[in-house]
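Heads up, the thing below is written out as structure tokens.
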């Protein structure tokens with residue numbers, strides 16, 4: 001039994017297919033070659049009038065784990081304002097928009113044509129929790145990025161000069177133990193410095209206790225993931241998040257990569273200058289120029305969207321700095337297990353605020369000024385810049401210049417005078433949207449059978465009815481297929497399927513087991529064997545889907 | 001977990017590194033001897049020893065109306081009662097995460113409110129945490145950074161046997177040994193509350209301990225006074241605090257000078273109002289101190305995986321416990337859905353208690369379904385009783401540690417003859433599906 005999707009306009013940039021009329025044939029949950037004649041047993045899906053894309057992939061969205069649950073706790077009003085049911089098949093459990101429940105997360109992503117989403121800040125000590133939540137999210141494949149770079153074991157190893165091989169063994173051990181698929185660094189050394197009462201740490205500043213600079217921590221971990229062959233480069237939330245003038249730090253960070261690839265996440269929050277009366281200005285032009293000139297750099301934007309949300313970050317140093325502007329007035333901070341920390345601060349981004357309006361414009365400038373779509377991934381850093389449910393609106397802002405200009409007219413007047421957005425005529429094409437929401441994230445994460453529609457790919461396929469209103473188009477696909485089964489019809493969830501969880505398992509020297517046994521016993525106070533997550537604990541015994549490492 | 005010899009069925013097997021899911025402290029270095037069905041604790045605190053010990057007896061069968069029956073029959077009877085209910089209350093919720101997940105599925109399917117047996121302290125703390133938040137910390141941070149620990153209330157070792165050994169180990173000399181970041185490796189511990197037990201004093205032998213005796217019903221007042229003093233506010237004449245005011249005043253400078261002070265209290269042993277006041281005062285003290293140094297709260301609690309129940313309710317429903325779900329909606333009303341209140345309007349009680357023999361509350365308004373420990377002594381024979389195994393004794397299971405960050409894997413010690421809560425709940429769900 002095969003399924004043939006026929007008559008649609010296919011956008012599959014990973015395979016060089018752009019706006020081509022071609023059939024997509026599915027057998028056993030995978031796409032197969034469509035050369036053969038259609039068989040008598042084919043189930044035919046008529047895609048005429050539709051644009052056909054691979055399933056969407058969000059590589060940076062805070063969907064699971066302790067800090068998300070703290071967000072849910074703080075956002076009870078938001079939860080009540082966005083109750084069940086949320087359209088289509090009613091699984092009936094959950095709601096919320098800024099910090100939605102696991103089921104609402106899966107259903108709402110699925111309703112927009114997404115089939116995979118990655119939690120980019122898994123703290124080792126909380127990894128088991130994050131995996132339990134991810135396993136409860138329907139219709140999405142998931143994966144976690146492990147937060148390193150503030151963990152005392154690593155910092156001590158670097159400070160004591162244990163050497164790169166030991167660091168590599170540790171990173172490999174931790175990736176496997178926590179069943180994660182990439183390494184994230186959040187404010188390298190900064191979270192750790194805050195535990196010693198350090199309040200700021202710039203790229204070349206020496207942190208307390210270990211005497212390490214963020215640059216050194218960054219470069220050591222860049223080398224580790226490169227040598228271990230982890231597909232995704234270091235996923236960096238840099239120093240000085242949100243601080244006016246941080247554009248300098250970000251440019252220095254781009255220059256500090258020693259040739260190793262680097263992903264700069266939610267770069268909008270790191271692209272601020274200090275020009276003008278209000279000492280807050282856009283650094284987007286300089287950042288975009290630097291990204292354009294450095295092909296080993298990739299970014300996601302972390303676009304802010306106006307309205308209520310909650311920010312959840314491992315960067316307690318920054319969140320402590322920002323907690324005074326929490327809206328509503330509550331926030332939670334936490335130091336975590338010699339690993340990292342978290343800070344959860346509700347925010348309400350307003351277009352009437354100069355700073356928020358300019359942040360909005362800076363994000364769009366970055367999207368539009370960075371030329372190579374293969375190095376940009378579409379994110380709002382959900383929920384930090386705004387809930388992921390705003391993606392269709394964001395896509396229209398990128399694809400529709402008059403729509404964008406109309407919105408620009410509405411924002412704070414002074415902010416309008418500080419942005420070049422009106423001068424930028426670029427409109428994203430459907431091909432570029434297919435790259436930034438599908439093909440590019442799959443490629444950087446090393447997912448060979450996701451993000452494209454060639455033979456062998458998982459049959460995660462989306463049919464959007466072509467229409468001039470791109471927001472309406474991307475908000476409610478005609479059909480979403482997950483592993484070949486229809487899960488969304490006309491924007492409504494009609495089936496719930498279990499997803500998979502991606503992990504990498506690079507090998508490590510068994511001597512590292514011994515070292516960590518002692519460390520966990522004596523410093524952490526938890527047995528290393530109980531810290532490590534067994535394959536069978538992932539998704540009720542399904543185990544992880546391993547992503548190949550290529551040292 | 002390791003065993004010395006898996007092949008000798010009838011001889012004692014020594015199992016080490018057993019993870020404990022009872023009090024919430026998450027000790028994972030327990031040791032037991034297992035022989036057939038019998039479990040004999042070797043290394044465990046008193047409470048864990050009591051709750052881990054098992055005789056070599058076959059487990060009881062499920063009962064319907066007092067008559068022994070099969071799991072399938074008992075589940076079918078439970079399903080019939082649940083289908084006939086219009087206002088079910090689920091209580092206890094002492095289960096691992098998988099068990100809770102299935103119990104929540106039943107709640108979704110039939111409609112029910114739910115609450116955990118030990119939620120009083122949690123909800124007192126949520127008065128502060130949910131409304132304003134706080135800065136908290138976790139076990140390993142306390143072990144390695146805390147140079148001044150302030151305890152509000154009665155001796156915490158009465159509820160959490162090894163709390164001081166876990167949180168404040170004395171330096172063992174090894175370069176890896178906690179505390180890694182405490183100058184001189186000696187910490188100051190200030191108890192504002194009841195007198196310490198001998199065991200607690202022994203556990204704190206390496207530390208500098210100050211006991212400020214305060215009767216339990218005055219602990220909240222003392223906590224408020226300390227925070228006021230830290231904030232530089234004048235403390236009105238409080239006759240109740242006579243005698244201890246100088247000790248509180250003397251604590252202000254050390255707290256300001258501490259690198260990483262930590263405030264602990266067990267909300268579960270204070271009155272709800274006092275617990276909420278202590279939580280507010282402790283979080284307030286941390287707010288004041290954080291301007292110039294580091295400090296954090298570490299609330300004690302977490303019995304029978306209440307932390308897991310809280311977490312799972314949040315990720316599943318977007319609300320904490322004391323929520324009513326079903327009919328496509330969820331409604332969080334802590335006052336209304338606290339077990340004691342919910343039972344005044346309920347027409348069915350489903351009680352879950354896998355960690356200890358905890359009987360359901362007295363309930364006469366409708367049927368009682370118990371997924372409970374085999375040793376449970378009921379005041380009224382439940383309409384349906386399904387004896388369930390204990391996670392970490394009979395089954396695998398995940399539970400949260402009290403700091404709400406670390407989720408621990410519990411492994412079985414013996415062959416499961418009792419269904420897990422998840423299996424019992426699944427059997428009930430199955431009967432509901434078949435009837436649908």
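Points to keep in mind about this one:
- Test for residue B:28: is it modelled with pLDDT under 95, in a loop (DSSP other than H, G, I, E, B) and within 29 Å of residue B:407 (Cα to Cα): no
- Here is the figure for the stretch B:289-331: residues that are in a helix (DSSP H, G or I) and farther than 30 Å from residue A:199 by Cβ total 15.
- Number of positions in the stretch A:35-56 that are at pLDDT below 95 and under 24 Å from residue A:108 (Cα atoms): 0
- Criterion (in contact with a strand residue (DSSP E or B) (Cβ under 6 Å, 6 or more places away or on another chain) and within 14 Å of another protein chain (Cβ to nearest Cβ)) met by exactly one of A:55, A:66, A:71: A:71
- Residue among A:379, A:389 that is part of a loop (DSSP other than H, G, I, E, B), at pLDDT 95 or above and more than 14 Å from chain B (Cβ to nearest Cβ): A:379
- Residue count, the stretch A:171-189 (criterion: within 14 Å of chain B (Cβ to nearest Cβ) and part of a helix (DSSP H, G or I)): 2
- Residue match in the stretch A:31-52 (condition: buried (at least 19 other Cβ atoms within 10 Å of the Cβ) and assigned to a helix (DSSP H, G or I)): no
Conditions (1) closer than 14 Å to residue A:419 by Cα; (2) buried (at least 24 other Cβ atoms within 10 Å of the Cβ); (3) in contact with a strand residue (DSSP E or B) (Cβ under 6 Å, 6 or more places away or on another chain), marked per residue:
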{"site": "A:341", "(1), (2), (3)": "no, yes, yes"}
{"site": "A:354", "(1), (2), (3)": "yes, no, no"}
{"site": "A:358", "(1), (2), (3)": "yes, yes, no"}
{"site": "A:361", "(1), (2), (3)": "yes, yes, no"}
{"site": "A:366", "(1), (2), (3)": "yes, yes, no"}
{"site": "A:369", "(1), (2), (3)": "yes, no, no"}
{"site": "A:374", "(1), (2), (3)": "no, no, no"}
{"site": "A:378", "(1), (2), (3)": "no, yes, no"}
{"site": "A:381", "(1), (2), (3)": "no, yes, no"}
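- Out of A:293, A:326, one residue alone is free of Cβ contacts under 8 Å to residues at least 12 places away in the same chain and surrounded by fewer than 24 Cβ atoms within 10 Å (Cβ to Cβ). It is A:293.
- Condition check for residue B:162: surrounded by fewer than 24 Cβ atoms within 10 Å (Cβ to Cβ) and more than 7 Å from chain A (Cβ to nearest Cβ): yes
- Evaluating residue A:197 against the criteria (1) more than 14 Å from chain B (Cβ to nearest Cβ); (2) free of Cβ contacts under 8 Å to residues at least 12 places away in the same chain leaves one unmet condition, (1).
- Residues satisfying the stated conditions in the stretch B:258-281, i.e. closer than 14 Å to residue B:222 by Cα and within 14 Å of chain A (Cβ to nearest Cβ): B:263, B:279, B:280
- Here residue A:128 does not qualify as modelled with pLDDT of 95 or more, at the interface with chain B (Cβ under 9 Å from one of its Cβ atoms) and surrounded by fewer than 24 Cβ atoms within 10 Å (Cβ to Cβ).
- A residue that is in a strand (DSSP E or B), crowded, with 17+ Cβ neighbours inside 10 Å and modelled with pLDDT of 95 or more can be found somewhere in the stretch A:57-79.
- If you go through the stretch A:442-482 and pick out every residue that is out of contact with any helix residue (DSSP H, G or I) (no Cβ under 8 Å at 6 or more places or on another chain) and free of Cβ contacts under 8 Å to residues at least 24 places away in the same chain, you end up with 1.
- Note on the stretch B:158-251: enclosed helices (runs of 4 or more DSSP H) holding 1 or more residues that are in contact (Cβ under 8 Å) with a residue 12 or more places away in the chain and closer than 23 Å to residue B:128 by Cβ are B:163-167, B:219-230.
Yes/no matrix, rows are residues, columns are (1) at pLDDT 95 or above; (2) more than 19 Å from residue B:34 (Cα to Cα); (3) within 14 Å of chain A (Cβ to nearest Cβ):
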| residue | (1), (2), (3) |
| --- | --- |
| B:372 | yes, yes, no |
| B:404 | yes, yes, yes |
| B:410 | yes, no, yes |
| B:413 | yes, no, no |
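- Any hit, the stretch A:134-145, residues being buried (at least 24 other Cβ atoms within 10 Å of the Cβ), under 15 Å from the mean Cα position of the chain (by Cα) and within 12 Å of chain B (Cβ to nearest Cβ): yes
- Candidates are the residues of the stretch A:84-98 that are facing chain B (nearest Cβ under 7 Å) and modelled with pLDDT of 90 or more; the one that is farthest from residue B:135 (Cα to Cα) is A:95.
- Scanning the stretch A:530-551 for residues that are within 20 Å of residue A:168 (Cα to Cα) and at pLDDT 95 or above turns up A:531, A:532, A:533, A:546, A:547, A:548, A:549.
- A count restricted to the stretch B:68-115 and to residues that are more than 24 Å from residue B:394 (Cα to Cα) and more than 14 Å from every other protein chain (Cβ to nearest Cβ) stands at 14.
- All conditions in (1) modelled with pLDDT of 95 or more; (2) surrounded by fewer than 23 Cβ atoms within 10 Å (Cβ to Cβ) hold for residue A:495, with the sole exception of (1).
- Unmet requirement for residue B:69, which otherwise passes all of (1) free of Cβ contacts under 8 Å to residues at least 40 places away in the same chain; (2) assigned by TED's automatic domain parsing to the domain that holds residue B:349; (3) touching a helix residue (DSSP H, G or I) at 6+ places or on another chain (Cβ under 6 Å): (3)
- The stretch B:165-204, residues that are in contact with a strand residue (DSSP E or B) (Cβ under 7 Å, 6 or more places away or on another chain) and crowded, with 18+ Cβ neighbours inside 10 Å: B:168, B:187, B:188, B:189, B:190, B:191, B:192, B:193, B:196, B:204
- Residues of the stretch B:31-63 that turn out to be surrounded by 15 or more Cβ atoms within 10 Å (Cβ to Cβ) and assigned to a loop (DSSP other than H, G, I, E, B), as a count: 7
- Considering the stretch A:440-551, the qualifying helices (runs of 4 or more DSSP H), each wholly inside and each with 2 or more residues that are within 14 Å of chain B (Cβ to nearest Cβ), run over A:510-519, A:528-531.
Conditions tested, residue by residue: (1) touching a helix residue (DSSP H, G or I) at 6+ places or on another chain (Cβ under 6 Å); (2) within 11 Å of chain B (Cβ to nearest Cβ); (3) on the phi > 0 side of the Ramachandran plot; (4) at pLDDT 95 or above.
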site: A:291; (1), (2), (3), (4): no, no, no, yes
site: A:304; (1), (2), (3), (4): yes, no, no, yes
site: A:313; (1), (2), (3), (4): yes, no, no, yes
site: A:334; (1), (2), (3), (4): no, yes, no, yes
site: A:347; (1), (2), (3), (4): no, no, no, yes
site: A:359; (1), (2), (3), (4): no, no, no, yes
site: A:363; (1), (2), (3), (4): yes, no, no, yes
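- Of all residues in the stretch B:10-25 being over 15 Å from residue B:401 (Cβ atoms) and assigned to a loop (DSSP other than H, G, I, E, B), the one that is farthest from the other protein chains (Cβ to nearest Cβ): B:10
The values are calculated or read from the model by the stated rules, or taken from the named source; none is laboratory data. Note that the structure is predicted; figures quoted are calculated from it, not measured. Virtual Cβ from ideal backbone geometry, glycine too; neighbours counted across all protein chains shown.
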